[in-house]
Amino acid sequence: MSNTKEEAEDVKDEKKKKKEKNLISSKVIVRRLPPGFTQEEFLKVADPVPDHDYFRFVPGDRTLAPNNFCRVYINFTNVEEIVKFRDKLDGLEIDKNGHRTQCIVEFSPFQKVPKKLKKKEDPK
Amino acid sequence: PKSDTVVYKPRPPIHEYIRKLLFRDLSKSTVEKVLRQMRKLPWSNPEVYNYILKCLGQSWSIKFNNVHCLASLVAGLVSYRDDVGHIVVDDVLEDIRVGMEINHPRYNQRRVSSVKFLGELYNYRMLESSVIFNVLYSFITFGVSYDPSRISLFDPPEHLLRIRLVCVLLETCGQYFDRGSSKRRLDYFIAYFQRYIWLKRSLPYWSLPVSSDDENSDSENTSRFPIEVDYLVQDTLEPLRPKLQFAASFQEAANSVAGVEKEMFAKIEKVVTSDKIHHQTVENLSTIPE
């Protein structure tokens, strides 16, 4: 009896650990990059981007003009680098074709990233 | 009357096909068929890939009643392409946020649709309830001014869309917050939500009489606050919490928020102290001599 109880507690502990791991945010979003910005330009501005396992550049949505800002999602592998990264980019003013915007660095509201292990291609 | 000829934007055939599949063909009975066609698209081409994902996030381009089909399609695609779900959720959350920042009536329909889509994505388990609650709280806090003399551009006094957005989201997925921690979270949120509504209602903007005729016809009601909004809130909250007592004044709503906060602080304190004890025991146990 006591054995199963202990096991149950072990499972509970593991769940708790998993939860704690999920609580640490590592995915960052850089918002309000000027409209028409490109991935290359971003990499130049942010150089060097600390170690990451996920990077996604999203061009601005033209239907939102003049608010069609670009944005970037980055998932850092080393959480400690985030503060440095934020200090460098948060509030930085960037010029592009006369558009001057102040970019914002935030934790992404949705922290999940695609799994690294790529399953085999969709056989269709 | 003279009508302008509709100008069609020239698009590559593959884009037209993706748009046809998602924005015209997709309905409750065709989800599976569209899913099969979507899987056959050339996903390895980065240009097509980006276009597909862009369209998958555009819930406002399809009929409002079919938004759940788009969520179902995304959920179906995730079993074949892991990355789709994350990207769509990221994009929808950004659209909701940007909508609050721009706050232009032109995007109101689009915002309602995006919020509904987010709720449906939750129903298809594309995201956790904590994200939903963060969005709910952002609706009643982002740029909200609790000082009547300071008018916020993001949430001006006459602006009631935020209440509608909360209702849409709760209507879509609130039924699943019926047990465990999410049930408690919803109870807490409802307290804050009622305070937000009362904050709006008590603003001077809504107490101004419209005209003398109006006053005569409705002498009891001194508030111009639209009754539709009250009905909307009632219709949303009643199915979720049938026993809920609606706050009758700002003070009452504020009191229940204070109650929630008191409960919360007591809990936090408990956790903090128990954590300390836990750490102490761990330290005592951690070093085992070999």
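Would you say B:LEU136 is surrounded by fewer than 21 Cβ atoms within 10 Å (Cβ to Cβ), touching a residue at least 12 places away in the same chain (Cβ under 8 Å) and in the same structural domain as B:ARG224 (by TED's automatic domain parsing)? Criteria not met by B:LEU136. Number of residues in region A:75-107 that are of a type in the set (Asp, Glu), out of contact with any Lys or Arg (no Cβ under 7 Å at 6 or more places or on another chain), exposed (fewer than 13 other Cβ atoms within 10 Å of the Cβ) and not in a loop (DSSP other than H, G, I, E, B) equals 2. Scan region B:154-187 for residues that are part of a helix (DSSP H, G or I), farther than 14 Å from B:ILE132 by Cα and in contact with a helix residue (DSSP H, G or I) (Cβ under 7 Å, 6 or more places away or on another chain) and report the count. Within region B:154-187, residues that are part of a helix (DSSP H, G or I), farther than 14 Å from B:ILE132 by Cα and in contact with a helix residue (DSSP H, G or I) (Cβ under 7 Å, 6 or more places away or on another chain) number 4. For the residues A:LYS44, A:LYS88, the requirement of being more than 11 Å from chain B (Cβ to nearest Cβ), in contact (Cβ under 8 Å) with a residue 24 or more places away in the chain and out of contact with any strand residue (DSSP E or B) (no Cβ under 8 Å at 6 or more places or on another chain) singles out A:LYS88.
State whether the residues of region B:45-56 include one that is basic (Lys, Arg), surrounded by fewer than 21 Cβ atoms within 10 Å (Cβ to Cβ) and under 20 Å from A:SER108 (Cα atoms). Checked against the condition, which is being basic (Lys, Arg), surrounded by fewer than 21 Cβ atoms within 10 Å (Cβ to Cβ) and under 20 Å from A:SER108 (Cα atoms), region B:45-56 yields at least one hit. Restricting attention to region B:60-87, which residues are within 13 Å of chain A (Cβ to nearest Cβ) and touching a Phe, Trp or Tyr at 6+ places or on another chain (Cβ under 8 Å)? Selection gives B:SER61, B:ARG81, B:HIS86. Scanning region A:58-74 for residues that are assigned to a strand (DSSP E or B) and more than 10 Å from chain B (Cβ to nearest Cβ), which turns out farthest from the chain's Cα centre (by Cα)? That would be A:CYS70. Looking only at region B:14-66, residues that are out of contact with any Asp or Glu (no Cβ under 7 Å at 6 or more places or on another chain) and outside any helix (DSSP H, G or I) come to 14 in all. Say we look at region B:88-115 and pick out the residues that are within 7 Å of another protein chain (Cβ to nearest Cβ), touching a helix residue (DSSP H, G or I) at 6+ places or on another chain (Cβ under 8 Å) and closer than 18 Å to A:PRO59 by Cβ; which of these is surrounded by the fewest Cβ atoms within 10 Å (Cβ to Cβ)? Within region B:88-115, the match that is surrounded by the fewest Cβ atoms within 10 Å (Cβ to Cβ) is B:ILE102. Just one of (1) assigned to a loop (DSSP other than H, G, I, E, B); (2) at pLDDT 90 or above fails for A:ILE29. It is (1). Looking only at residues of region B:139-161 that are of a type in the set (A, V, I, L, M, F, W, C) and touching a Ser or Thr at 6+ places or on another chain (Cβ under 8 Å), we find that the one that is surrounded by the fewest Cβ atoms within 10 Å (Cβ to Cβ) is B:ILE151.
For region B:1-24, the set of residues classified as buried (at least 16 other Cβ atoms within 10 Å of the Cβ) and either of a type in the set (D, E, K, R) or over 22 Å from B:GLY57 (Cβ atoms) (or both) consists of B:ARG19 only.
The values are calculated or read from the model by the stated rules, or taken from the named source; none is laboratory data. In this text the structure is predicted, and so the values were computed from the model without any measurement. Cβ coordinates were reconstructed from backbone atoms using ideal geometry, including for glycine residues, and neighbour counts include every protein chain displayed.
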